[in-house]
Structures are given as C-alpha cells and as structure tokens.
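Here is the structure we will look at, set down as structure tokens.
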Amino acid sequence: MTENKKTLSSEQKEELKIGFNLEWRKELRKAIPMKERMKIERQKMPERDPNVRNKDFLEVNCGLDAEAAVKEAQRCWDCANPQCVVGCPVGIDIPGFIKLIEKGDFEASARKLKETNSLPAICGRVCPQETQCEVVCSVGKATGIPVAIGNLERFAADYEREEGEVKLPKIPATTRHKVAVIGAGPSGLTVAGDLVKLGHQVTIFEALHVAGGVLVYGIPEFRLPNKTLQAEVAYLQDLGVELKTSFVVGMTASLDDLKVQGYEAFYIGSGAGLPSFMRIPGENLIGIYSANEYLTRVNLMNAYKFPEYDTPVFSGKRVAVMGGGNVAMDSVRIAKRMGAEMAAIVYRRSRTEMPARAEEVHHAEEEGIEFHFLTTPTRFIGDDNGCVKAMECLKMKLGEPDESGRRRPVPIEGSEFIMEIQMAVVAIGQSPNPLIPKTTPGLEVGKWGNIEVNWDTMETSMKGVYAGGDIIRGGATVILAMGDGKIAAREIHKYLGGLDKEF
Amino acid sequence: MPKIIRRERLVPNLHLIEVEAPDVARKSKPGQFIIIMPDEFGERIPLSIADWDVEKGTVTAVFLVIGTSTNKLSRLNAGDKVPVFVGPLGKESEIKKYGTVICAGGCFGIGAIYPVARALKEAGNKIIALMDVKANYLLYWEDKFRAISDEFYVSSRDSYYDCKDYIPTVLKNILKKGETIDRVVSIGCTYLMYTCAEATRAKKIDTVVSLNPIMVDGTGMCGACRLTVDGKTKFACVDGPDFDGHLVDWKELFSRRKSYFDDEIQSLCHWEGKNFP
C-alpha cells in the first residue's frame, strides 16, 4: 500500500490566501506583536482527577473555557504559508478557524471548521494532532510548544453545539444522483457529509444498530461521549443524509442489489472488523476477549451499566491487555474502570515503539495502569471450568529494526514466568472485514484482504465503486479514514458529472 | 423500527416471532440467522430463521425463553416494534441431493431445522424427520413436518409418540436397521447436536450441526462466537453456523456457552425484581 504525499491544491492555496488577506485578520495580526504571542503559555487542557475518573466513564478531558481558548488562539501567528493545513489529512483551514476564535466569533469558527470537516467535535478529541498538524506548527518549531490545534477545534465545535446555534449551510438543489455509503464510521460519515453538501442523495448503510463505526463501538465514553458523536451524526441527517442502520451490505443486500435500486456510486468504508488473535494455546478459554468484543460489549452494548442493560462483561480483578496501540489503552483503562485491581499493558516491544498516542499513555499511567514492556504471552492456562487463570510470558529484548522501522523483539531464552490473571484482552490489531469483498465479485483485494484502490482517487477495481478507511488500510486512524473519504467524495462528485471547481 | 406481525407461544417456553423485514425476507436462505434486540437495553440475540415470506415481507424465528432478553421478547406482541432485526447472517446450509437425510431437531431447533428440511426435500432427498421433546405437549409444527418428510418420528420422554428414548438412541436404531443414511442434519441444544454427532461418528455419516455459541455483532467483527473446528479457530457467525459435527471441539463449545451463567441469573433477578416486585 502506498500513499500520496499530501500537498494543497491550487484552489485550497487560493482560499487560504484570501482568508489571510481579510482586513480583520490583518488587524488581529497587528493587535498583538509576535514576541508577545510567543510569551503566552500553551493553555492546559483541564482533566478530571485520575483517581476519580478511573472509577467512572465520564469524559477525562473537560475542554477549554472561552477565556483559555482565546488565549490559546492568540499563540497562533497566522502564518502566510500555514504548514498545519498541509499536515491535516482533510486539509482544514486551521488559521481560519483559530483566528475566528481569537476574534471571539466562536460560532463562525465552528462553521469554518465544518466547511471542510463535518465532524469537528470528534476530530478535536481523537485525532493524533501531535503527529499531523501540531508537529509542523511554526509556533512549535520556534518555541518547542505548538498551538493546541486539537483542543481549539474541540472548543469551537462544543461551543456551537452547547452554547450557540447550529446553522445548516445552504445546500444546492438536488442532483438526483443516488450514492450508497457502506459503513457509518468516520470515513463513511465524511463522504456522506461532503456529497450531501453538493446536492447528491446519500444513503449510509450501517451493519450495527448505531451509527459511528469504531467511534461508537471502539472509542469509549471517557474519550468520546456518545452524545457528542450522535450530535454530529444528527447534523449530517439534518443536512439530508439518509441513515439505514441494521443493514449489512453483502448480506441484507449486495452491491448489485443496490445498483438495481438506483444507486449510481458506492463508497465502501466497512472498516477493519476482523480481530487478530495471537494463535497461542488456550486462547479460547473463558475470560479472553478480542479488543473488539470487549470494547463492543462495553461501549456499544453498555455492559458497564449491567444489569440495567442486559449485556454482561467480565470484570476481572487482574487483567492483562496485550498490545501497545490506542485500542489497547482504551481496553486497559476500561478494565480499570470496571474495578480491576491490576490492569496491565503487556507489550512485546519497549515504550518508545508503542503506537499509542502519548496523551493516552500518559492518561493511562495517571490512572494506575501497569506497563509490562518487552513481554509476550506464550500460552494461557485455564482452571477446571475452562476459565483463564494465568498466562505464561516470555521476556524479550530488542534486536534489529524490521520493515516498520521499529526494532524487532527477540525472545530471551529461559525467561518464562507466570502472570496470574482473571481476564485478558487481545488488542494486537485487526484486518479488513471480509464480508463485502467476499460477496462482491470483481472487487480486487490485496494479500491482507484489504480492498485495492487507486490512491489518487480511492476508486476500486470496479467503476463507480470507491473505498477508504480501514478496509483499505487494515488498521489506521480516524482522521486518515476521513482523509480517504474526502478524496473519494471529490472523485465521486466528478464521476457523477460534477464540476471540479466546487472542490 | 421493524414491526412485529405475530408473536405467539407455541408450547410452554417456546415462542414464535414474525417480524416485518422485507429486505431480510428477500435474502433469507435455509440455515441462516437473524439478530434481534427486544428493546434498547437488550442483548443482541441470534435466532435461526425458521421461515420467511418474500411476498408478505416477513421473517419468522422460534426462540426459547431463557434469559432477560428472551423474556422481554416473549412479552412483545403484534404491532410492537423492535430496535434491531438484522440479517440474514451466516452462511446458508448446503442443500444438494444426497439421498436419504435425517433431520434431527429439538427445542427451538424444531423451528430452525424446518426450512432446511423443506429445502432438502425440494432438492429430491428422502427426509426422515426426528423430533425430540421432553414431553408430548412440547411438540409443535407436527403438521408442517409431516407435510415435508417421508418418515416422521417423535421421541418424547413420556412416550405418547413413537418412543421415549433420547434422540441419538433413535438415530442409532435407525442406523442399525441397515438403511443407507447419506447425511444427518441436527439443530437444537448443544447437547442434542453433540450426541447426534457422536451417534454417527463410527459410521462416518456426514453430520451437520448448526452451532449456537454466544454472539455479539454477528458479522465477524468481535470474535465472541469463536470455536475450534478441526483444530482451527472459526467464527460461527461468518464461517458457520453450520459445521461438520465430527470436527467440532465440543468440550470448548460447552464451556464457552456457560461463560455468563452467573450474570444471566443476576440479570434475570434484576429484571424480575423491577417488573414483578
């Protein structure tokens, strides 16, 4: 899989220039000298006490207040050539929305965000800004501490939803073109939002009973409240997107069936719904979950409110979570909240190789999560009832770098030890869900089961059928999925006979 | 939200539910299942499809009242709506002309095996239907089965019908008689399917079982329904639900099905306490 290096289109550059030259932007830039701006400290995101929050599911980050948001916005220099926009996979006009916060027009700031991104409250919470927009921020390069772009994005979106009035953009007359979006996850929602704003008739088909995909079944309440997510889904519905839940494309209807129903273009964003296991003895013992199952029970089925909700979930006193990504962090922090005395990450490499966001790791440590680095389980041991009671682990050391550039873990012979556990979560990744590739003849897939696309257009081997997100990537991030969605939406619009200039 | 067209008690503890779901009906095949939620607090319950009507746009399932969610389901009536009715899920049963096929069903499986038996009959097989019930009054759909089977046996513990032996014994007796049996299909509780598979193992008669491990999403996403078949981990929701009964790791399946036994009791007590104080 190869991706394009991101560059801005000439239209985007033109728009940024127009924004930069607005009179009020010029005045704002003059109002505070750059030296003064550099003296302002990055506004700290207020967080709830780790020892309180690790017992409930309320949000960890509380959000900036208006005063702090304006101050943070003042840290931004409003560069003539903003690199942050290049760093953003969906190309948000970052100085544009930040300067509106500095100006005090928070609702306009939210509308600015929504011109490019229909899901700002979500991105403001779950995007890895530190590796995308904030890493290239000029302020960060000069002072070492970039503008808190993500926190500001979240502020503007939350303000509009909670304090302000959500205004709908004007939508052009319907083109009568029907587009089917498969999967209501981050990339599907993005495609739907972009296409409905161009006047197309968009239907999202979602297999589960709630929209959101990984945002609802995967990311827990304490990182992204479902209420916030559903508000952004409702916004898309207000724009005219039709949402069909409990509809499994591939089973309830095939792509061809949908063609017969009049859909002309398709976007497959069905996600990475096939959990990987470690293939070690004892993995099917009771008490061993895939991260997908554990998170789905807790987040989608509300098992943390059992017995108010009917779906149960184990709440082991000693829990081991295998993996070092964000999904592993979410799982282990949930286990702690479900009452685990020991909730531990067991990761075969060392801290530096962990793919999880630094913020998530930091939050996990604050909440009392244990970390066992350079450790890998070799087998699970069960009791007489078939429940897991321990796992045998092996210590590792780091060897030569592998194809991912990370140093490969090598087992240390004779270092076996036993870890007593009552529950384990396997969070070592997942592959693309095979349901659609299997039921769609003619759709080419790669060796990992990922749908093959042309990375410039997101078009698959079938004409008019596009794909993006984890179904092509295997297991990536929300914002990359949304970036794919943006490209696909542009191309679908072209395919349906739309004009280039509207993008 | 999908509307319930009919919900009736077939026999004590076993109910039929017919739901308006034209998309699901259009695609349903023998051996597949649906997932239903009784209300927004409920579990996602997988139920085998017992029948469907493309013209009416309805799908029928038979379920055993056992935990909270099925109790709730048994209290819904025609006109009520359910938040989730999704399907058809899973692979369809293999339907071919085999020769003589024994269809052994029990409990909810009497309903679940009906469309399979019907399709096998239509494919030109001789159908021997074996129904297992704990007591005479627990048999349902006798007429429907008589209409599609060449031979029809009921084994009931109180022996009003043909005999009172547990069904694998009946199965063994048929095999002993020497008639060539080309295939056995068994749907019902795990124990019934297990014993049927054991009864045919020595004679190496292909025995298909429709497995029922605990599921959550039903589309291959979570792996809750994983089981070991021929030494390999399979997901019942997408690789099944039909499997070769001689290759299933039954001990693991029995064990995994009991994962939430205590929770189920707690949930039921909570629900009963709230609704019937």
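The values are calculated or read from the model by the stated rules, or taken from the named source; none is laboratory data. Everything numeric in this text was worked out from a predicted model, so none of it was measured. In this analysis, Cβ positions are derived from the backbone assuming ideal geometry, glycine residues included, and neighbour counts consider all displayed protein chains. Surface accessibility is based on the protein's heavy atoms, side chains included, excluding ligands, DNA and RNA. Shrake-Rupley method; radii C 1.70, N 1.55, O 1.52, S 1.80 Å.
Structural remarks
- Pairs, first facing another protein chain (nearest Cβ under 10 Å) and closer than 23 Å to B:Q32 by Cβ in the range B:243-261, second open to solvent by 60 Å² or more (accessible area, probe 1.4 Å) and among the aromatic types (F, W, Y), C-beta under 9 Å, six or more apart: B:L253/B:Y194
- Check on B:I181, more than 10 Å from chain A (Cβ to nearest Cβ), farther than 22 Å from A:T252 by Cβ and in contact (Cβ under 8 Å) with a residue 40 or more places away in the chain: yes
- A:N284 vs. criteria closer than 23 Å to A:I219 by Cβ and either more than 10 Å from chain B (Cβ to nearest Cβ) or open to solvent by 10 Å² or more (accessible area, probe 1.4 Å) (or both): no
- Of all residues in the range A:4-51, those that are β-branched (V, I, T), in contact (Cβ under 8 Å) with a residue 24 or more places away in the chain and closer than 18 Å to A:I98 by Cβ total 2.
- Checking A:V346 against (1) touching a residue at least 40 places away in the same chain (Cβ under 8 Å); (2) buried (at least 21 other Cβ atoms within 10 Å of the Cβ); (3) over 26 Å from the mean Cα position of the chain (by Cα), the condition it does not meet: (3)
- Members of the range A:52-105 found to be of a type in the set (D, E, K, R) and touching a residue at least 60 places away in the same chain (Cβ under 8 Å), listed by number: A:R53, A:K55, A:D56, A:E59, A:E72, A:R75, A:D93, A:K99, A:E102, A:K103
- Test: residue in the range B:163-170 that is assigned to a loop (DSSP other than H, G, I, E, B) and open to solvent by less than 20 Å² (accessible area, probe 1.4 Å): no
- Number of the condition not met by A:G140 [criteria: (1) over 18 Å from A:R125 (Cβ atoms); (2) not in a helix (DSSP H, G or I)]: (2)
- Of all residues in the range B:140-162 being in a loop (DSSP other than H, G, I, E, B) and polar (S, T, N, Q), the one that is farthest from B:P115 (Cα to Cα): B:S159
- Subset of the range A:217-257 (residues that are open to solvent by 10 Å² or more (accessible area, probe 1.4 Å), within 14 Å of another protein chain (Cβ to nearest Cβ) and either within 30 Å of A:R53 (Cα to Cα) or part of a helix (DSSP H, G or I) (or both)): A:Y217, A:N226, A:Q230, A:D256, A:D257
- Checking each residue in the range A:297-308 for being facing chain B (nearest Cβ under 9 Å), in contact with a Phe, Trp or Tyr (Cβ under 7 Å, 6 or more places away or on another chain), farther than 16 Å from B:G220 by Cβ and part of a helix (DSSP H, G or I) picks out no residue at all.
- Residue check for B:I17: open to solvent by less than 10 Å² (accessible area, probe 1.4 Å) and closer than 25 Å to A:D310 by Cα: yes
- Hits in the range A:368-396 (condition: over 19 Å from A:G323 (Cβ atoms) and without any contact (Cβ under 8 Å) to a residue 24 or more places away in the chain): A:D383, A:D384
Residues are listed down the side, and each one gets a yes or a no for (1) within 29 Å of B:K96 (Cβ to Cβ); (2) facing chain A (nearest Cβ under 10 Å); (3) in a loop (DSSP other than H, G, I, E, B); (4) in contact with a strand residue (DSSP E or B) (Cβ under 7 Å, 6 or more places away or on another chain):
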{"site": "B:V19", "(1), (2), (3), (4)": "no, no, no, yes"}
{"site": "B:A25", "(1), (2), (3), (4)": "yes, no, no, yes"}
{"site": "B:G31", "(1), (2), (3), (4)": "yes, no, yes, yes"}
{"site": "B:G42", "(1), (2), (3), (4)": "no, yes, yes, no"}
{"site": "B:I49", "(1), (2), (3), (4)": "yes, no, no, yes"}
{"site": "B:W52", "(1), (2), (3), (4)": "yes, no, no, yes"}
{"site": "B:K56", "(1), (2), (3), (4)": "yes, no, yes, no"}
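- The range B:74-90 - residue that is outside any strand (DSSP E or B), more than 14 Å from the chain's Cα centre (by Cα) and within 11 Å of chain A (Cβ to nearest Cβ) and, of those, surrounded by the fewest Cβ atoms within 10 Å (Cβ to Cβ): B:P83
- Among the numbered conditions (1) within 25 Å of B:E20 (Cβ to Cβ); (2) outside any helix (DSSP H, G or I); (3) open to solvent by less than 50 Å² (accessible area, probe 1.4 Å); (4) away from chain A (no Cβ under 14 Å), the only one that B:C103 does not meet is (1).
- Search result, residues across the range A:122-148 that are touching a helix residue (DSSP H, G or I) at 6+ places or on another chain (Cβ under 6 Å), at pLDDT 90 or above, open to solvent by 10 Å² or more (accessible area, probe 1.4 Å) and among the β-branched types (V, I, T): A:V136, A:T143
- Of all residues in the range B:224-242, at least one satisfies being free of Cβ contacts under 8 Å to residues at least 40 places away in the same chain, hydrophobic (A, V, I, L, M, F, W, C), within 9 Å of chain A (Cβ to nearest Cβ) and touching a helix residue (DSSP H, G or I) at 6+ places or on another chain (Cβ under 8 Å).
- Among the residues making up the range A:334-384, those that are within 14 Å of another protein chain (Cβ to nearest Cβ) and within 18 Å of A:R318 (Cα to Cα) are A:M338, A:F380, A:G382, A:D383.
- Among the residues of the range A:287-296, the one identified as out of contact with any strand residue (DSSP E or B) (no Cβ under 8 Å at 6 or more places or on another chain) and either open to solvent by 10 Å² or more (accessible area, probe 1.4 Å) or within 8 Å of chain B (Cβ to nearest Cβ) (or both) is A:T296.
- Residue within the range A:89-101 that is touching a Gly at 6+ places or on another chain (Cβ under 6 Å), assigned to a loop (DSSP other than H, G, I, E, B) and over 30 Å from A:K35 (Cβ atoms) present: yes
- The set of residues from the range B:121-138 being without any contact (Cβ under 8 Å) to a residue 40 or more places away in the chain, under 21 Å from B:N13 (Cβ atoms) and not aliphatic (A, V, I, L, M) comprises B:K134, B:N136.
- Considering the range A:262-281, the residues that are assigned to a loop (DSSP other than H, G, I, E, B) and buried (at least 24 other Cβ atoms within 10 Å of the Cβ) include one that is nearest to the other protein chains (Cβ to nearest Cβ), namely A:G273.
- Matching option when the condition is within 20 Å of A:C127 (Cα to Cα) and either open to solvent by 10 Å² or more (accessible area, probe 1.4 Å) or in the same structural domain as A:T457 (by TED's automatic domain parsing) (or both), among A:G193, A:G199: A:G193
- Residue list for the range A:136-164, restricted to those being in contact (Cβ under 8 Å) with a residue 60 or more places away in the chain and among the basic types (K, R): A:R154, A:R161
- Verdict on B:T200 being modelled with pLDDT under 95, within 11 Å of chain A (Cβ to nearest Cβ) and surrounded by 17 or more Cβ atoms within 10 Å (Cβ to Cβ): no
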